[in-house]
1. So the label point goes 7 Å from the Cα of residue B:431 along Cα→C-beta, right? Which residues of the stretch B:479-495 then have their backbone N under 20 Å from it?
2. Using R₀ = 41 Å, calculate the FRET efficiency as 1/(1 + (r/R₀)^6) where r is the Cβ-Cβ separation of residue B:321 and residue B:257; round to 0.05.
3. Please determine, in degrees from 0 to 90 and to the nearest 10, the orientation of helix B:161-197 with respect to the longest principal axis defined by the Cα atoms of chain B, where the helix direction is its Cα long axis.
4. Output the relative contact order of chain B, whole-number percent, from Cα pairs under 8 angstrom with separation of 6+ residues.
5. Looking at the protein assembly as shown, send over the antiparallel percent of its DSSP beta bridges, to the nearest 5.
6. Residue B:25 to residue B:71: FRET efficiency via 1/(1 + (r/R0)^6), r the Cβ-Cβ distance, R0 35 Å, to the nearest 0.05?
7. Mind pulling the angle between the C-alpha long axis of helix B:245-255 and the longest principal axis of chain B? Nearest 10 degrees, somewhere in 0 to 90.
8. Between residue A:104 and residue B:329, what FRET efficiency follows from the Cβ-Cβ distance if R0 is 25 Å, with the result rounded to 0.05?
């Protein structure tokens, strides 16, 4: 599960937190095509939180759905931010449906375009982890990735 | 403070009276000897005492009228009854001196059939008790019969013409003033009623301290019926100070420019326990011009639009939710398309499989829509997926069970994949094959657990798949990942046996 960087160049280890089984399968397929490997996927919040806590050093970047079976995933967002793990939201909610403090955070939406996904993940993963962790000191997180 | 003063000045306090009165002073006697007519009433307008001048004027005896209601003891006519009563009521209810410039009293003479008319000018004075409440009303009467023109003819011989003419002009003016007063009072009452009952909020703040002079029912309603009249607004509604409204009002006072605010949120401690509550208003703070260029106060007018704002918020929430669901559904369709394509096969096969999966999703949605998205029955979902196959080939065994929407959406696709697989490779593909779906529920830790077994038999011999295809991956993700259940796929030579257990607790939409 954590041997994603096999090609040594672009292969990222991508954590997927998403409650819709079909969408997890779609994202997995896309990651495979992009040469990335998947951590998870986690379809519920609790196991996702446990995994992040225990294995955050192995996560290059995370894709986080906002609504996990009726439960908001902002606790996972907070944890990722605290641990300095880059992540993007993948949510069908537009800005109004997302907590105010997370509205400026990158959201790749619910329809996935491989090129866009590739670019945003690579940009996010290239982000300096310490600067992500530092950004939580500010009043509201801005687009750190 | 003022109550205390009035009360002490009245001298009815025992201590004060004792210290004032030398043993020779008898207030009762003084009252009796007063040259002008005086009558003491209680607040029900029952007569307590009349002095001698009053008894003379009315031709009554003390014993006959003491303890009797004023209106029963003495005779007044028509509208005068109401005017007298209104005046006494004002004194009693507002504690202020009230004047009645002209009142007609019918005095019974020897000839009881034709009473004589006398004209009075009355002063009604409130007398307060120790607690400051009006306890008595003192009526002082000035007999002005000699000045009245109507009376003039009757008693013409008794009075000289010169002073009478002069006096009747004065009396006429007094009557005119009284009539104007009555009209003004009626208009004032009418306007006050209009303001009090107006649907919008209205409040008058006066002076530099912005004392609440008047607040109508809608305003009192908005602030939770607190006792605010006569208080500076910063004391009456302390919570608005930190919300910047005192500053706004002060600016209006200073500049004389009105303030207009729309959809303003105010957190008001309007509940009985003082708990804050958000309300929304369209508000105008209109300066009231005083003498010269200064502003003497502020007229507050507004509309409580809380219900409208809440409805808008609710609608926005529904739109967000709808948007979310549509996007999710589209993502699911994208996933089905891409994953179906990945499985390989010719284009015709893709179209067939893709369409079948879309239809399975659509049927689940239909079942949920029939139940207004409050879930659906387990047997119904199974029948939806199995109805293309001869009903002699499959049977359902289990109790009626209503499932929440989220579980229905997940199981709809799971059963579709199981059914398609059975028809392609399993028991529904062979002539002798049979399928039994059996389920039961159990209570565990306060939650309902669903145990279900999908049991195929008599089909073509099968082997465990070498790699996980779309169907088995979807089933595992749905049961284990999404629904936090347990799953066992047993590929027996006689057919697939799929068992799963899921908890129905906490599974909402």
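Bear in mind that the values in this text are calculations on the coordinates, not laboratory data. Fair warning: this is a prediction, and the values are worked out from it, not measured in the lab. Because the Cβ atoms are built from the backbone with ideal geometry, glycine has one as well, and the counts that use them run over all protein chains shown.
1. B:494-495
2. Plugging the Cβ-Cβ distance into 1/(1 + (r/R0)^6) gives 0.40.
3. Result, in degrees: 10.
4. Taking the mean separation of contacting Cα pairs over the length of chain B, I get 7 percent.
5. Bridges in the protein assembly as shown that DSSP calls antiparallel: roughly 85 percent.
6. 0.55
7. Rounded to the nearest ten degrees, it is 50.
8. The formula returns an efficiency of 0.40 here.
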